[in-house]
Amino acid sequence: MDAIDRKILTLLQQDADLPLATLAARVHLSPTPCWRRVQKLRDAGVIRKNVALCDPAALGVGVTVFVSIRTNQHTQAWLERFTRGVKDIPEVLEMYRMSGDVDYLLRVVVPDIAGYDTVYKKLIKIADLYDVSSSFAMEQMKYTTALPLNYAS
């Protein structure tokens, strides 16, 4: 990956709908070589997919909750059951297996506390949980989907 690829990715992370001619001009290439580079980045899995980023508040899910989960069961069967169940809850946008005191961290979007209570009840039906701790985001200070490209080689 060279500087032109990084510039292409920077621009596409800002606006994936950027017309090819505009993208090519901004990276100082003609459209065909620029298209080839974009295709190469797709084929390599660097560009996974193009999506529309929606405004959570406009869609009625303006409350973000970070849910810390601890379990006392660390079997493969438990993990698979829990992962399958969480994937079926559309309000859970992200799920991470963590190191340290927390086993799993979820990012959940809901309309309000009652909405979160519904998600909570779904979570405790999936698998036995030792501890569930929820933190409601008061204000979003930074949000981006753009990944840093200075580490890409």
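The values are calculated or read from the model by the stated rules, or taken from the named source; none is laboratory data. Computed from a prediction, not measured in an experiment: that's the story for all the values here. Using ideal geometry, Cβ is built from the backbone for each residue, glycine included, and neighbour counts are taken over all protein chains shown.
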query = Which one is surrounded by the fewest Cβ atoms within 10 Å (Cβ to Cβ), of the residues in the range 45-64 that are closer than 16 Å to residue 13 by Cβ and of a type in the set (A, V, I, L, M)?
reply = 52
key: Of residues in the range 135-153 being within 18 Å of residue 106 (Cα to Cα) and of a type in the set (A, V, I, L, M), the one farthest from the chain's Cα centre (by Cα)   = 138
task = Out of the residues in the range 54-63 that are under 17 Å from residue 106 (Cβ atoms) and assigned to a loop (DSSP other than H, G, I, E, B), state the one that is farthest from the chain's Cα centre (by Cα).
result = 61
task = For residue 94, indicate whether it is closer than 30 Å to residue 15 by Cα, of a type in the set (Asp, Glu), modelled with pLDDT of 95 or more and in a loop (DSSP other than H, G, I, E, B).
result = no
key: the range 8-53: number of residues that are in a loop (DSSP other than H, G, I, E, B), free of Cβ contacts under 8 Å to residues at least 12 places away in the same chain and within 17 Å of residue 149 (Cβ to Cβ)   = 5
task = Under 6 Å between Cβ atoms, at least 6 apart or on separate chains: pull out the pairs that start in the range 70-85 with a residue that is surrounded by 10 or more Cβ atoms within 10 Å (Cβ to Cβ) and end on any residue that is of a type in the set (Gly, Ala, Ser).
result = 78/127; 81/127; 82/127
query = If you scan the range 64-91, which residues turn out to be over 15 Å from residue 125 (Cα atoms), outside any loop (DSSP other than H, G, I, E, B) and under 16 Å from the mean Cα position of the chain (by Cα)?
reply = 64, 65, 66, 67
message = Take the conditions in contact with a Cys (Cβ under 9 Å, 6 or more places away or on another chain) and either more than 30 Å from residue 142 (Cα to Cα) or surrounded by 11 or more Cβ atoms within 10 Å (Cβ to Cβ) (or both) and apply them to residue 9. Does it pass?
response = no
request  = Look through the range 98-119, keep the residues that are hydroxyl-bearing (Ser, Thr, Tyr) and surrounded by 17 or more Cβ atoms within 10 Å (Cβ to Cβ), and return whichever of them is nearest to residue 84 (Cα to Cα).
outcome  = 104
